[in-house]
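Heads up: the structure comes next, in structure tokens.
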Amino acid sequence: MPKPTRWWLIASFLAGFAFAMWAEELIIHWKENSLHLSAPKLHFLEGKPLERLKNGDSVPYDFQLTLWVGSRENVFERSAERFVFSYDVWEEKFSVTRARAPRRSISHLTAAGAESWCLDNLQVAITGVGGQQPLWVRLEIRSEEPREQPPILGDPGISLTSLIEIFSRPAHGAQPHWTLDAGPVRLDDIKRSSSRGS
């Protein structure tokens with residue numbers, strides 16, 4: 001039978017391996033008083049939404065970032081955004097507009113660049129979270145189907161409350177959606193940076 005120390009080493013190795021796998025899926029950054037994230041392996045510009053984009057449609061994607069602190073029963077903060085995508089068939093590049101005020105837009109992006117830009121513009125506040133408290137993070141993304149699309153031109157924007165209400169209901173039918181979870185992890189263990197992307 002392996003010695004207890006050997007079991008401890010094996011458990012430590014497996015824990016480190018699991019953390020590395022989690023880190024590859026959803027990487028959390030701590031900047032000032034907010035958590036930001038990146039997900040290099042996440043690709044949501046695919047399938048039917050991508051077909052619609054290449055057919056000339058604008059496609060909204062709704063994002064929600066949820067933070068639990070202390071336990072999975074304690075929702076500490078939620079953040080949600082809607083990003084509207086379009087595609088230039090001649091240049092084969094994507095444009096993205098953040099629908100909530102203040103609006104922001106960017107163009108001439110690759111698929112990976114457009115996906116990353118959305119995550120760069122999604123954050124959740126952590127003011128009041130202790131460095132040793134366990135926390136969990138969930139990223140949810142849904143692609144709006146054609147019948148659900150609100151008017152894009154002239155629309156004053158969608159509210160945070162409306163977006164959170166969207167995620168209070170389960171994704172229906174074949175609606176494209178993605179979910180990534182991370183945690184538990186302590187705030188003190190998350191990489192802290194003085195500027196985004198450093």
Conditions: (1) under 19 Å from the mean Cα position of the chain (by Cα); (2) at pLDDT below 90; (3) not aliphatic (A, V, I, L, M). PRO156 meets all but one. Number of the miss?
(1)
What are the pairs, 6+ residues apart or on separate chains, where a residue within the stretch 171-198 that is assigned to a helix (DSSP H, G or I) has its Cβ under 8 Å from a residue that is at pLDDT below 90 and crowded, with 16+ Cβ neighbours inside 10 Å?
LEU187/TRP30
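Only one of these is in contact with a Leu (Cβ under 6 Å, 6 or more places away or on another chain), of a type in the set (A, V, I, L, M, F, W, C), at pLDDT below 90 and surrounded by 14 or more Cβ atoms within 10 Å (Cβ to Cβ): LEU65, LEU26. Name it.
Only one candidate qualifies: LEU26.
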Pull up the stretch 107-132, narrow it to residues that are in contact with a helix residue (DSSP H, G or I) (Cβ under 9 Å, 6 or more places away or on another chain) and buried (at least 16 other Cβ atoms within 10 Å of the Cβ), then point me to the one that is nearest to LYS54 (Cα to Cα).
ALA111
Filter the stretch 29-44 down to residues that are in a loop (DSSP other than H, G, I, E, B) and not aromatic (Phe, Trp, Tyr) and give me whichever is modelled with the lowest pLDDT.
GLU32
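The values are calculated or read from the model by the stated rules, or taken from the named source; none is laboratory data. All values reported here derive from a predicted model rather than from experimental measurement. Cβ atoms come from the backbone with ideal geometry, glycine included; neighbour counts cover every protein chain shown.
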